[in-house]
Amino acid sequence: MQLDKHDRIGGPPPRQRAGGSIIGLAILAILICGGLYYHRDLGGLLNFGRQSVAGALGSGGNDDFSAVYQHLGLAPLDASIAYQDKVQSALLKLRDEPCDRTGIYNLSVELENAGKVRASAEALEGFAKVCKNTDGELYRAADLLFGLGDYDKVVALGDELVKTSPYNAQIQYLRGQASNAKEQWADALPFYINAIELLGSPKDMNSTVFFQLANIYDHLGRSCDAITAIETWVLGDPAERDTAQTRKMVGDFSARGRCDNDTTRGTDRFPRSANDVILVKAQVNNTPGTFIVDTGATFVDLTEDFAHKARIDMTRTGPVTVQTANGQMVAALGTADSVKLGHAQASKVTLVVQKPSLGSGVDGLIGMSFLARFNVTMTDRELLLKARNAL
């Protein structure tokens, strides 16, 4: 006869294990109460559920992405951040493809949205260290750190970026802003000049870069150069920019530097040729030469040979980048004690010195660092310069 196990009557009945049910109920209660309290929406509840399950399983939400964190040099994110849908999606992208640009961009944006701005910057910086062609990611990291006031770090990242992308105006400007914020005026100056040169015509530029440059000059005790910065921007569109504000700024700088009486004087006019070139005889530090008047040039621009003849005082602010007909090139920044263009003359004029020739018989360009000291009138036939204090 065969025995059926259900017929057994010996011994106590099997004991039910309640532990699993209790744990399950506890997790469910945590999910519902915690999710409703902290998130108050279904998406938040689902995220909270993922975090709680990860915690219950002992993973802490970090094990899945440890390779990503190591790759980026990033401290593991809290489960409350890592398991948000968009953050998790970005981390998964980077886990599968460590140098995925969309993944790192999305991760940085979502971390910033979550209030983890420094972590966003650190992720971008880590990505830039191990992947190629990552100036965009490194610039974004520096920009985020600038917003946090970490100017020392911005200077370090900015220097790295300038080496790889010396002709990027935004990089030059951000690097200059960091030194400006640190009140290191002399260090900031060439980066502002580079940014203005690389951005192109003042007609297309915002006032901020010129106003900040003016303040830098003023802090360096060069108030007359501060006027030049303001007037260069104004002359880009006089009808719109010659306002009470800009006139007051010019007046304040002029008073501090005694610019009207000491640095600019005289009136003269110069004919325009049929091809619109204004070729003039001028003196720089009392050294005569032949120059082209160029209202599109930010500075007076000298050839290296002429600069030596004129004994130009070269400042110690490092090289700057200038726009030329042949593209961008590196030049040295200097100051002329005097520039005379006919009867119009100015002292302490900022200029740049470049090695390449500007053309046969041409010693330089007369740019806005001289012209902006005057009221400039351009007609079809001539250029008229008139010192502001002239009657």
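Read-outs throughout are calculated quantities, based only on the coordinates presented, and are distinct from any laboratory measurement. Since this is a predicted model, take the numbers as computed values, not measurements. Cβ atoms come from the backbone with ideal geometry, glycine included; neighbour counts cover every protein chain shown.
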Net charge near ALA307: determine it from the other residues with C-beta under 12 Å of the C-beta of ALA307, scoring Lys and Arg +1 and Asp and Glu -1. -2
Give the calculated FRET efficiency between LYS203 and ARG101 to the nearest 0.05, with a Förster radius of 35 Å applied to their Cβ-Cβ distance. 0.55
Scan around ARG265 for amide H atoms under 5 Å from its own, H built in the peptide plane at 1.01 Å from N, and keep only partners 5 or more places away or cross-chain. GLN345
In the neighbourhood of GLY236 defined by beta carbon distances under 11 Å, the net charge of the other residues (Lys, Arg +1; Asp, Glu -1) is -3
Label-point separation (nm) for ASP159 and VAL362, each offset 7 Å from Cα along Cα-to-Cβ? 3.7
Stretchable slack from ASP252 to ASP305, in nm (0.36 nm times residue separation minus alpha-carbon distance): 15.4 nm
Sequence ranges 164-172, 193-201, ranked by mean other-Cβ count within 10 angstrom, highest first: 193-201, 164-172
Could you list, in their original order, any pairs among LYS163/LYS348; LYS163/LYS203; LYS93/LYS153; LYS203/LYS248 whose Cα atoms are separated by more than 24 Å? LYS163/LYS348; LYS163/LYS203; LYS93/LYS153
Relative packing of 299-307, 249-257, 332-340, which averages over residues the other C-beta atoms within 10 Å, highest first: 299-307, 332-340, 249-257
Low-density loop cleavage sites - trypsin sites (Lys or Arg not before Pro) in region 141-245, where at most 15 other Cβ are within 10 Å (DSSP): LYS182
Applied in sequence order to region 331-344, the curve 6.51 cos²θ - 1.76 cosθ + 1.60 (Karplus, θ = phi - 60°) yields integer Hz couplings, x standing for Gly and Pro, of 9, 9, 9, x, 9, 9, 4, 8, 10, 10, 10, x, 8, 8
Whole-Hz couplings from phi, Karplus 6.51/-1.76/1.60, listed for region 104-109; x for Gly and Pro: 5, 5, 4, 4, 5, 5
Per-residue HN-Hα couplings for region 300-309, Karplus 6.51 cos²θ - 1.76 cosθ + 1.60 at θ = phi - 60°, whole Hz, x for Gly and Pro? 5, 10, 10, 6, 4, 4, 5, 4, 5, 4
